[in-house]
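*Asks:* The structure is given below, and queries will be raised subsequently.
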Amino acid sequence: MKVERDSPGKASATTTETLTATVEAIDLATRSITLSSPDGLAGTFEVDPQVKRLNEIAVGDRVEVVYRHGLFLAMQEPGASDVAPELSAVAVKAGKDQKPGGGAVADVRATVVVDSIDPKTRIVTLKGPAGGLHRVEAGPSVKLERLKVGDKIVATYTEAVAVSVKPAKKD
């Protein structure tokens, strides 16, 4: 995880994971696909109806999945109105002249409240607008001594995933 201190009162963290898996089975009727990774992980997943060219993926194809998620936090100015939860999402798909693939990005932004701080483990628990609790680990550059229970923070959480199909490996 990459953690950065952007400027006073702001911090962000991002993680990117890449997985290459082999298509072990595909069921067009149920829109499910079974993937296995080189380290032995396997799973069957439902494919969203927005994926239009599922029939072009075959057993033996290699699929590369890139998953990235991040969190950006900024102290909310005292007296500022809370940011109501906002959601935005965008999806793209590969062109007709390309192998099947696509990607999606979703952002959620809202005011959260510091519920608890554990300075020893550097875990900060944030309470979301609906009352749910979310634990985050503060990076080493975050000055926890300046944070207190009850502080309001504008949080933006982002998830992005990209999937591409590579040619089947030759035997």
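*Asks:* Any idea which residue in the stretch 88-139 is nearest to the chain's Cα centre (by Cα), counting only those that are farther than 21 Å from residue 67 by Cα and among the basic types (Lys, Arg)?
*Replies:* The qualifying residue nearest to the chain's Cα centre (by Cα) is 127.
*Asks:* Being out of contact with any Phe, Trp or Tyr (no Cβ under 9 Å at 6 or more places or on another chain), among the hydroxyl-bearing types (Ser, Thr, Tyr) and either within 30 Å of residue 149 (Cβ to Cβ) or surrounded by fewer than 13 Cβ atoms within 10 Å (Cβ to Cβ) (or both) narrows it down to one of 30, 15, so name that one. Reasoning before the result, please.
*Replies:* Details: 15 fails: out of contact with any Phe, Trp or Tyr (no Cβ under 9 Å at 6 or more places or on another chain).
One residue alone meets the criteria, 30.
*Asks:* Before we move on, is residue 10 in contact (Cβ under 8 Å) with a residue 60 or more places away in the chain, in contact with a helix residue (DSSP H, G or I) (Cβ under 9 Å, 6 or more places away or on another chain) and either crowded, with 16+ Cβ neighbours inside 10 Å or of a type in the set (D, E, K, R) (or both)?
*Replies:* Numbers: in contact (Cβ under 8 Å) with a residue 60 or more places away in the chain: yes; in contact with a helix residue (DSSP H, G or I) (Cβ under 9 Å, 6 or more places away or on another chain): no; either crowded, with 16+ Cβ neighbours inside 10 Å or of a type in the set (D, E, K, R) (or both): yes.
Judged against the criteria, residue 10 is not a match.
*Asks:* Out of the residues in the stretch 45-79 that are loosely packed, with under 14 Cβ neighbours inside 10 Å and within 20 Å of the chain's Cα centre (by Cα), state the one that is nearest to residue 99 (Cα to Cα).
*Replies:* 50
*Asks:* Can you list the strands (runs of 3 or more DSSP E) lying wholly within the stretch 1-91 that have 2 or more residues being among the hydroxyl-bearing types (Ser, Thr, Tyr), touching a Gly at 6+ places or on another chain (Cβ under 6 Å) and at pLDDT 80 or above?
*Replies:* Filter on the stretch 1-91 gives an empty set.
*Asks:* Could I ask something else about it? Check the stretch 103-119 and report whether any residue there is in contact with an Asp or Glu (Cβ under 6 Å, 6 or more places away or on another chain) and under 30 Å from residue 47 (Cβ atoms). So that I can check it myself, show each step before the final result.
*Replies:* Initially, the stretch 103-119 is screened for residues in contact with an Asp or Glu (Cβ under 6 Å, 6 or more places away or on another chain), giving 106, 109, 111, 114.
Next, only the ones that are under 30 Å from residue 47 (Cβ atoms) stay: 106, 109.
Yes: one or more hits.
*Asks:* Quick one: which of 104, 130, 155 is loosely packed, with under 14 Cβ neighbours inside 10 Å, modelled with pLDDT under 95 and either assigned to a strand (DSSP E or B) or of a type in the set (Gly, Ala, Ser) (or both)?
*Replies:* Within the list 104, 130, 155, the selection yields 130.
*Asks:* Which condition number in (1) more than 21 Å from residue 56 (Cβ to Cβ); (2) of a type outside the set (A, V, I, L, M); (3) touching a residue at least 24 places away in the same chain (Cβ under 8 Å) is the one that residue 118 fails?
*Replies:* (3)
*Asks:* Further question: Against the conditions (1) modelled with pLDDT of 90 or more; (2) loosely packed, with under 11 Cβ neighbours inside 10 Å; (3) among the basic types (Lys, Arg), where does residue 96 fall short? Just the number, please.
*Replies:* Against the list (1) modelled with pLDDT of 90 or more; (2) loosely packed, with under 11 Cβ neighbours inside 10 Å; (3) among the basic types (Lys, Arg), residue 96 comes up short only on (1).
*Asks:* Answer with yes or no whether residue 37 is surrounded by fewer than 13 Cβ atoms within 10 Å (Cβ to Cβ) and in contact (Cβ under 8 Å) with a residue 12 or more places away in the chain.
*Replies:* no
The values are calculated or read from the model by the stated rules, or taken from the named source; none is laboratory data. None of the values given here were measured: they were computed from a predicted structure. Cβ coordinates were reconstructed from backbone atoms using ideal geometry, including for glycine residues, and neighbour counts include every protein chain displayed.
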